[in-house]
Structure formats: structure tokens, C-alpha cells
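Trainee: Here it is, the structure in full.
The values are calculated or read from the model by the stated rules, or taken from the named source; none is laboratory data. Fair warning: this is a prediction, and the values are worked out from it, not measured in the lab. Using ideal geometry, Cβ is built from the backbone for each residue, glycine included, and neighbour counts are taken over all protein chains shown.
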Amino acid sequence: MRFNFYGGASEVGRSCIEVDKRFLFDSGLKISEEGSEYPQVEDLSHIKAVFLSHAHLDHTGALPIFNTIGLRCSIYCNSMTRETAKVLLKDSYHIELLKKHHAAYDRDNINNVVSFMQNVRYNKSYSVDGAEFRFLDAGHIPGSSSVLLDMGKKRVLYTGDINSSDTRLLKGSSFDADDVDVLICESTYGDREHPDRKAQERDLLSSIKKTIDKSGSVLLPSFAVGRAQEVMMILNDRDFGVPIYLDGMAKKVTGLYQKKPEYIRDNSKLCSAISGVSYVKDWKHRREIARQQGIFVTTSGMLDGGPVLDYLGYLYHNPNNSLFLTGYQVEGSNGRLLMDTGKAYIDGNRVRFKGNIKKYDLSAHSGKSELLGFIKRIDPEKIIFLHGDSTAIESMRKSTEGTHEVYTPKVGDSINI
Ligand SMILES: [Zn+2]
């Protein structure tokens, strides 16, 4: 069986693996300073099915451009992933247009790939082109899945992005799978452990309280998918006595979660958190509320666009205000710049945020020891490590090569197993 690594190998972003010249696991794009980078492949007309692990653009963002190079097959995912991907793909197209005036695909390509999406449920077996497959709950974002593909001779388990710890929004992943020959495993945190989650949440809440007590406002840049909802649920633990606002694409995604409570760990807790929050209607409303004290949860999580930049403009000059980052800040992002230098760009102008800045770890990925525990439970014969930087992947290789046959491919590599 042949595996081709078109993207996401020895890197994070544009995940795309071809199996046996028939199937694809994910079709992602990588957003970098140079623009969007797509998986390195020229023709996909031979592909019989795509298995989508989850909606994040680094796993789905290449689908429209793949449609322009012959992808015409069923794309299997659950209904949560389909609805979320629809929102993200349309937003991504909009951003491409803003940046480049024309994208490499158009709206029809997005509509095409959405129409190819076939609904699957967790833990149910399906078949396509002589192979059987099953989606298993990966605990990363609502709808996220690992995919078990049984090709008759070999059984392949693709983790997608996986989290085995419980969060407010989701139960941690805990599925089992027998007789796995090849495990394709994400390695995002392959060289690190997460700090204690409860302690991070307590620390965040007490930092917010301190800011409010000195009459400051709090800006919480958050990813729209999963993180903003998690942050609202954490905020719901305390009454700060000031209004909490939700802004940006997170509003739309929260609406999707309310429509599909079966994908949420405890829907009543999410509803309770939402009822304590006001939605920001438009830029006029934003301007009005940002002049008064409040807590603002908004996209984008890495400060690369979206309403967060308006809030930054309103809040940066007051040393009593705080900005707390709630997610990973990739190298080269505006949020990373802010984290490293205290300064960030608003419309081309660099400003210094005068108040307190701190980053909290509310990650939706397994840490190293959780990944190792998962590998021990599945006990595959061979492991392919992907979706991590070189240090993370090397660290996972060192920890597993004594007991397993380990592969750490790069983009463009092929492996025969
Ligand atoms: Zn993800």
C-alpha cells in the first residue's frame, strides 16, 4: 500500500495524505506570510473518496482548488464538520479575494465540494470502493474525527487532530481500535506537555477580575471554532459585574453549535454561557461598547484580521486594559508579534498595547504524554508521524522507535507499506 504525503508532513498546515492511489485523508491549506500554500499535487481525478477529519482550514481549505484539478468524488464527514467547513471555506474565499483580487477558484468550486459531502455518523461502518471506514470522536473541536480505514489487507487509523483531555465544550477522545497496522498520528505537541488546565482557567479568571477591579476592559482574541465557545463557558464561572460581548465569526459558529447540541459535551452549560453574553451587531455597535468597560471575546484569534483589530485600536492606549491570548500564535502572525514585542499592527500602523498581555494554554490538542498513552492503547504495528514541527516529530520518533516501526516523511515523500 502506497502513502503519498502532499502536505502536512514535517509541518503544520495543508494536511493531505493519499492512500493506495484511491483515497485522501484531509485536503488542507497552509496560511503563511507569503499567502496560501496548497498541497503539492496536480491531478486528483483518480481519487475515489476523501475522508475529512474536521473543519479547520488546515484540513479542508484546499477542497475548492482540488475541485479545479479533477476532484469529483464523495467527501465523507459528519454534519457538524460540513456546516462548519461551509462557513470557513466561504470566509477563506472572501479573504483570498481581499488579498489577491482574484482567487485560484470561485464560489462554484466551494458549492461543488459542499455538494459532494456525504454525511457520516460516529462509530458506524460504511463502505466505499471495496474498503470499510468508521469515524471516531477525536475530541478536538465539535465534529472532529479520527478515521479508521479497513482496506482488507491493512487497517489504517488516521488521527486527524486529537485531544484526549476533557474541555468544557467536549469530552476527550477515548475510542479504541483493534488490529491497527498503520497509525497516522498528529504530533502538534509531540515535544511538550500542557500546563494544568484547571490552574490556567483559574489564573485567567483572576487576571480578568484584577483588570475589572482597576476599571479596565479585557480583550480576549479567540478562534471562532471551539475556542470562543470554550472561553465563554470559562467566563460563565464568575460574575464580573461588567457586560461580556461576542463579536466576529464566532457568533455564526456558536449558532451552528446551538443547532447541533449532540456534538457538545453539555449543551445546557453552553446555553447558560451564551445567555450571559451579548452579540455585537455591527461596527457602530462595536464603537459604542468599546468606549465603556467590558469583556470582549472576538476573532481573529491571532489578530490577523477581523473585529479584534478594531478593539485593539480602542483599547491599546489605556494601561488599565488587558489582552489575554487564548490560543496558539503561529510564527509570523500579528498575535505572535504582540506576544514577543508588546506591539501589533492595526491597518499597517504598529501600536504598543500599554496594558497587561498574557497568553493562556487552552489547547485542543493532546500533549506529549497523552499522545504516547494513546499510541500504547492502540498499539499499531507502524506509525507515521505528521502535523508537527521537526522538533515535535523528532521527539515522538525517539519515544516510540524502540517499540514500533516509525516513519517521519516530508512533503512530497511516498512510503510503501
Ligand atoms: Zn484542527
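Trainee: Take the residues in region 40-58 that are in a loop (DSSP other than H, G, I, E, B) and within 16 Å of the ligand (Cβ to nearest atom), then tell me which one is nearest to Leu24 (Cα to Cα).
Mentor: Leu52
Trainee: Only residues that are of a type in the set (Asp, Glu) and either under 23 Å from the mean Cα position of the chain (by Cα) or within 16 Å of the ligand (Cβ to nearest atom) (or both): list them for region 124-166, please.
Mentor: The initial filter retains those residues of region 124-166 that are of a type in the set (Asp, Glu), namely 129, 132, 137, 150, 161, 166.
Once the filter is applied, which keeps residues that are of a type in the set (Asp, Glu) and either under 23 Å from the mean Cα position of the chain (by Cα) or within 16 Å of the ligand (Cβ to nearest atom) (or both), region 124-166 yields Asp137, Asp161, Asp166.
Trainee: Gly332 versus (1) part of a strand (DSSP E or B); (2) not assigned by TED's automatic domain parsing to the domain that holds Ser173: which is the lone unmet condition?
Mentor: That leaves (1) as the condition not met.
Trainee: Give me a count of the residues in region 11-49 that are touching a Ser or Thr at 6+ places or on another chain (Cβ under 6 Å) and closer than 24 Å to Ile417 by Cβ.
Mentor: The number of residues fulfilling the criteria is 4.
Trainee: Now for a separate question. Among the residues of region 120-131, what is the count of those that are surrounded by 11 or more Cβ atoms within 10 Å (Cβ to Cβ) and either at pLDDT below 90 or closer than 21 Å to Leu71 by Cα (or both)?
Mentor: Selection size over region 120-131: 5.
Trainee: Determine if region 337-360 includes at least one residue that is within 16 Å of the chain's Cα centre (by Cα), within 19 Å of Ile208 (Cα to Cα) and among the hydrophobic types (A, V, I, L, M, F, W, C).
Mentor: Pass one, region 337-360, residues within 16 Å of the chain's Cα centre (by Cα): none.
The answer is no, given that none of the residues of region 337-360 is within 16 Å of the chain's Cα centre (by Cα), within 19 Å of Ile208 (Cα to Cα) and among the hydrophobic types (A, V, I, L, M, F, W, C).
Trainee: Right, something else. Hey, can you tell me all the residues within region 152-166 that are part of a loop (DSSP other than H, G, I, E, B) and out of contact with any Gly (no Cβ under 8 Å at 6 or more places or on another chain)? Explain how you work it out, then say what you get.
Mentor: First, pick out the residues of region 152-166 that are part of a loop (DSSP other than H, G, I, E, B): 152-154, 159-166.
Across region 152-166, the qualifying residues are Lys153, Lys154, Thr159, Gly160, Asp161.
Trainee: Which condition number in (1) within 22 Å of Ala138 (Cα to Cα); (2) aromatic (Phe, Trp, Tyr); (3) in contact with a helix residue (DSSP H, G or I) (Cβ under 9 Å, 6 or more places away or on another chain) is the one that Tyr76 fails?
Mentor: (3) is the only condition that Tyr76 fails.
Trainee: Output the number of the condition that Glu370 fails; it satisfies all remaining conditions of (1) out of contact with any helix residue (DSSP H, G or I) (no Cβ under 8 Å at 6 or more places or on another chain); (2) of a type in the set (D, E, K, R); (3) away from the ligand (no atom under 16 Å from the Cβ).
Mentor: Condition not satisfied by Glu370: (3).
Trainee: Sticking with this one: Could you list, in sequence order, all residues of region 293-323 that are in contact with a Ser or Thr (Cβ under 8 Å, 6 or more places away or on another chain), within 15 Å of Tyr245 (Cβ to Cβ) and not hydroxyl-bearing (Ser, Thr, Tyr)?
Mentor: Those that are in contact with a Ser or Thr (Cβ under 8 Å, 6 or more places away or on another chain), within 15 Å of Tyr245 (Cβ to Cβ) and not hydroxyl-bearing (Ser, Thr, Tyr): Gln293, Gly294, Ile295, Phe296, Val297, Gly306, Pro307, Val308, Leu315, Asn321.
Trainee: Still on this structure, please answer the following. If you go through region 60-109, how many residues are in a loop (DSSP other than H, G, I, E, B) and under 23 Å from Tyr6 (Cβ atoms)?
Mentor: Filtering region 60-109 for residues in a loop (DSSP other than H, G, I, E, B) gives 61-62, 69-73, 78, 101-106.
Within this subset, residues satisfying the condition of being under 23 Å from Tyr6 (Cβ atoms) are 61-62, 69-73, 103-106.
Here the count works out to 11.
Here is a yes/no grid of residues against (1) loosely packed, with under 15 Cβ neighbours inside 10 Å; (2) out of contact with any strand residue (DSSP E or B) (no Cβ under 9 Å at 6 or more places or on another chain); (3) β-branched (Val, Ile, Thr):
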{"residue": "Ile212", "(1), (2), (3)": "no, no, yes"}
{"residue": "Ala250", "(1), (2), (3)": "no, no, no"}
{"residue": "Ser268", "(1), (2), (3)": "yes, yes, no"}
{"residue": "Glu288", "(1), (2), (3)": "yes, yes, no"}
{"residue": "Gly301", "(1), (2), (3)": "no, no, no"}
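Trainee: Starting from residues that are farther than 23 Å from Gln258 by Cβ and buried (at least 24 other Cβ atoms within 10 Å of the Cβ), keep the ones in region 68-104 and report whichever is farthest from the ligand (Cβ to nearest atom).
Mentor: For region 68-104, the residue satisfying everything is Leu71.
Trainee: Against the definition (assigned by TED's automatic domain parsing to the domain that holds Thr188 and more than 16 Å from the ligand (Cβ to nearest atom)), how does Ile378 come out, yes or no? Break it down stepwise before answering.
Mentor: On the way: assigned by TED's automatic domain parsing to the domain that holds Thr188: yes; more than 16 Å from the ligand (Cβ to nearest atom): yes.
Yes, satisfied.
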